[in-house]
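One structure is given below, encoded as structure tokens.
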Amino acid sequence: MKNEKFWILESPRKRTAMWDKGNLWRKSDYLDCPKSTGRESFLTFGGPANRIGELRVVLHGRTASDFVWTIPDCLVHDRALELLLREGLTGFETRRARVRWESNRGSVDADAENDWLSSKSLDYHELLVTGWGGLAAERSGVRRISNTNIWEGFPDWTRILASDQWDGSDFFIIWPFGFTRLVSDRAATLIRKANLSGVRLVTPEDYTRIHMSQKPGRITPMRLRDHFPDERARAIGEPLGIY
């Protein structure tokens, strides 16, 4: 099978952003809770596709990089987004994010609503990856336990992509690693050439090496509909039992 070249899109080792107050998500109905309709708001994390309203983020310092990361989220500055769109990169959607500098009174003070700034440097969009790289190839060491949403094993990222499952998008994910953002060699070349800041491009070899200290374990991911727009999640996920 042909080995397609791809890269892992990673945050800098030091993150410069955190969630602000006011982020809301719909409840996830796959938790099999009889009292949940999947439509009530709650304050804990519910996946990017379940967010109600704009993502709210606080930036530390005074440097507005091209990419900004919270622990689960990736945001892209408008100037970098314009480049990605102009060059025709595929496999993502964006939503306007509400981003402000950390105030002198603290990052999540009660007067946060008064701290929003309209500076051009705070024009960010949330980057939502919608490209599909398929299920993790079993030869990578990861396998799904039959009739469950549980996966086990330690992934060898040099062997994880089954190229016949990849839809060819420049930004994509491989299941069950929904929060690991992957990019094509074309996208990586553009990011490097443009010298975009706030992001690292990691090879599959290095990514595997970085995580080798972790013990093989079990993964119970969210559902695909928690990551992708519902129509796309249904089309891909229902036949695979991961919708």
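Please treat every number below as a calculation from the coordinates, not as lab data. Fair warning: this is a prediction, and the values are worked out from it, not measured in the lab. Note: ideal-geometry Cβ built from the backbone for every residue, glycine included; neighbour counts use all protein chains shown.
Calculate, in nm to one decimal, what S146 and R62 gain on full extension: separation in residues at 0.36 nm each, minus their alpha carbon distance.
Details: separation 84, 0.36 × 84 = 30.24 nm, distance 4.93 nm.
Extra length from S146 to R62 when fully extended: 25.3 nm.
Expected output is a single nm value to one decimal: the length gained when fully extending between I52 and D167, i.e. 0.36 nm times separation in residues minus the C-alpha distance. What is it?
On the way: separation 115, 0.36 × 115 = 41.40 nm, distance 2.85 nm.
Length gained, I52 through D167: 38.5 nm.
Pop a pseudo-label 7 angstrom from the Cα along the beta-carbon direction at both R232 and D206 and give the gap in nm to one decimal.
2.7 nm
When the chain is fully extended, how far beyond the present Cα-Cα distance does R139 get from R95, taking 0.36 nm per residue of separation? List each step's numbers first, then the result.
Working: separation 44, 0.36 × 44 = 15.84 nm, distance 3.57 nm.
Extending this stretch completely gives an extra 12.3 nm.
If you average the sequence gap of Cα pairs under 8 Å that are 6 or more apart and divide by the length of region 132-240, what percent do you get for the contact order? Intermediate results must be reported in sequence, preceding the final value.
Values: 137 pairs, mean separation 30.6, N = 109.
The value is 28 percent.
Give the separation of the Cα centroids, region 168-211 to region 3-22, in Å.
One Cα centre to the other: 10 Å.
Mind giving me the FRET efficiency for L24 and E82? R0 is 25 Å, r the Cβ-Cβ distance, nearest 0.05 is fine.
Working: r = 29 Å, r/R0 = 1.16.
Once rounded, the FRET efficiency stands at 0.30.
How would you rank 234-242, 179-187, highest first, on the average number of other Cβ atoms within 10 Å across their residues?
Sorting 234-242, 179-187 by mean packing, highest first, produces 179-187, 234-242.
What ranking, highest mean first, results for peptides 88-100, 203-215 when packing means the other Cβ atoms within 10 Å averaged over each residue? List each step's numbers first, then the result.
Values: 88-100: 17.5, 203-215: 12.8.
Top of the packing list down: 88-100, 203-215.
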